[in-house]
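What follows is calculated from the coordinates using simple rules that are stated; it is not laboratory data. Remember, predicted model here, so these are calculated numbers, not experimental data. Here the Cβ is made from the backbone with ideal geometry for all residues, glycine too, and neighbour counts use every protein chain on show.
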Amino acid sequence: MSIEVKDLSFRYGKIVALDGVTMRLGEGAVGLLGPNGAGKSTLLRILLGFLVPERGEGRVLDYDIRREQAMIRRSVGYMPESDCFVAGMDAVTFTAYFGELSGMPRQEAMKRAHEVLFYVGLGESRYRLLDTYSAGMKQRLKLAQALVHDPKILFLDEPTSNLDPTGRAEVLELIRDISAHKSVQVLLSSHILDDIEALCETVVILNKGKLAAEGRMADLRAINYSLYELRIKGDVDAFRKDLESSGSRVDEMEDGLVKVYMVEAADPMDIFRAAGRTGAQLRYFVKSRTSLEDLFAGVVGVD
Amino acid sequence: MATVREKGYTHWDGKLGERRFPWWPIARTGILLAFRKKRFKFIFAGAFIPSIVFLVGLYISERLEDFKAIIQGSDRLLNIDPKYFATYLASDWLLFLIVLVLAYGAGGLIADDLKHNSLQLYFSRPLGKKDYLAGKMSVVAFFVLILTALPGLLLIVFKLVFAGSFKFFLQYPWLPLSVLGYSALLTVFFAFYVLLLSALSKNSRYVFILIFGAYIFSNVLFGILHEIFETPYMALFSVPANLQQAGAFVFGQKLPHAFPAVWSFAVLAGICGLSAVVLNRKIRSVEVIK
């Protein structure tokens, strides 16, 4: 296991940020999902060793998060969400600088900086001042500095923010290449569900500081609930209340589509029974493949 | 923008080492970045004018007969003793030039990192807060020492060379230590002073104004309060006056202000202490992920 935490808890004063989170993450790309305030950033802070957990323990690449923070930071590449650079530097100096700060010899860091800048597509502009870089170029640069010391794990915080569709697709392709073929594990924190769905085999969903769901995407889709898509003519509110009273979740989309999330043990015939009881006509009924968005909505309870 | 993946990702086959001085890349890069500013190069070169003037003074002092026509009775100014060195190192103009060099070359040391959110990049490396601050302070130390200790010691060497004997050194064997001691005091003070002000704003231009403003305003305040209260203790409000008082003490000279030098040391230490508290609060690794 590359990341393992047990009963991890942390609070900012009276606000509980993490509450008894236990999880084990293996190889490959892992998506970290959750609404604002769910505890994603706090979890990253603790894993990087910036915060000491109030309770619980954890290991990153078998290094203790309480005692071996320097070793963790040496083995982890971190790509922050916000724009960050050092004014007055060009890309190659900047990347080499952070390679050196990670413990690389100066000459090696410079050589490696050229390599990773070519890899992320900044080879031609590597001698340009960073102050003149566009938002998309800065995003790639952050990825380059995270890769320069050849980390075993990459922590990527919103890696596709500020990117146009083409740039986003290219960066996602880079991350896919790194995680799939280069034996670098990726922990991807993002609010763009499509990104997570495109890249990650495993997902961790946090909600209100607690672990809401964790596991392989395919397993989570299958295990947690079944999703049915309906079109109804009649009293939708009464139909909704009837189904919700039996433990299902019902969401009405803007286009009139009704999504019913039923717990795995529930009988799909309950939908027809509810329609019969409330006098609603079912005009369309299909069992849908759950997307990550559906999973997220089902687990966290937000659209 | 170039196509992504002009070159495939390859693993680095080296081994990451543990640096003995993790702050060294920060120090080296800070110094190099300062010299990339065109205006700074001129200011830095200009800051050596006082040392050249004092070097010429040393030369003339050994050739008084040759320069009799130029000196015309002002040869008492060229009496080379510890006061000559104290005058150089604690002079208003050298202190002003040091402040100017630091405002241009080191004002953005922390301000730029705060502005561009780069603290999170530093602290995601195996670096502690102490390493980060040591690296930044080393940049200030480099500029202060190169303008104080280096010329101060070279002036002593040139004095011996021009005189052709060790008589001066034997007469004042403690002088090199005084030069080093006062240079160290200036270094420590200015390191805390500049980093304190650099951490107070994200705009390096405001920091430039703060560094100059605090230095000059403190002296103006001293002048005003001295006129009102007519007590020498008002000099404690002035940064340059405290540095000069401490300098006179280190070189064993008559104190410029009529109060014990320990008060000036206490004020300077207080500013350093305040700086340490502010830096500890502003440079926080827990704020690195937003």
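Cross-link pairs exceeding 25 Å between alpha carbons, from the set A:LYS208/B:LYS129; A:LYS40/A:LYS138; B:LYS159/B:LYS254; B:LYS38/B:LYS115; A:LYS142/B:LYS15: A:LYS208/B:LYS129.
In order along the range B:161-168, phi translates into HN-Hα couplings of 5, 5, 6, x, 8, 9, 4, 4 Hz, rounded to whole numbers, per the Karplus curve 6.51 cos²θ - 1.76 cosθ + 1.60 with θ = phi - 60° and x for Gly and Pro. Using the Karplus relation 6.51 cos²θ - 1.76 cosθ + 1.60 with θ = phi - 60°, the per-residue 3J(HN,Hα) values for the range B:141-152 come to 4, 4, 5, 5, 5, 6, 9, 10, 5, 5, x, x Hz, with x marking Gly and Pro. Among B:LYS129, B:LYS254, a tally of other beta-carbon atoms within 10 Å of each Cβ gives an order, fewest to most, of B:LYS254, B:LYS129. Taking the number of Cβ atoms within 10 Å of each Cβ as an exposure proxy, the fewest-first ranking of B:GLU230, A:GLU108 is B:GLU230, A:GLU108. Arranged from fewest to most other beta-carbon atoms within 10 Å of their beta carbon, A:THR278, B:THR10 become B:THR10, A:THR278. Only helices enter this figure: runs of n ≥ 4 DSSP H residues, each worth -39500 (n - 2.57), summed and divided by the residues of chain B, yield -21500 deg cm²/dmol at 222 nm to the nearest 500. Database remark: amide H of A:THR22 closer than 5 angstrom to the amide H of A:ASP7, A:LEU8, A:LEU211 (H placed geometrically; neighbours at sequence offset of 5 or more, or on other chains; Pro and chain starts carry no H).
Near A:ASN207, the amide H atoms lying under 5 Å from its own belong to A:ALA212; only residues 5 or more places off or on other chains count, and H is placed 1.01 Å from N. Scalar couplings 3J(HN,Hα) for the range B:97-111, obtained by applying the Karplus form with A = 6.51, B = -1.76, C = 1.60 to θ = phi - 60°, are 5, 4, 4, 5, 4, 6, 4, 6, x, 10, x, x, 3, 9, 4 Hz; x denotes Gly and Pro.
Show that you can apply the helix-only estimate: for chain A, add -39,500 (n - 2.57) for every DSSP H stretch of four or more residues, divide by all residues, and state [θ] at 222 nm to the nearest 500. Each step should come with its number before you reach the end.
Details: 11 runs with 114 residues, N = 303.
Roughly -11000 deg cm²/dmol at 222 nm, from the helical runs in chain A.
Amide H to amide H, with H built 1.01 Å from N, A:ARG55 comes under 5 Å of A:SER9, counting only residues 5 or more places away or on other chains.
Mean partner shielding of peptide B:14-21, defined as the number of other chain Cβ atoms within 10 Å of each residue Cβ, is 5.
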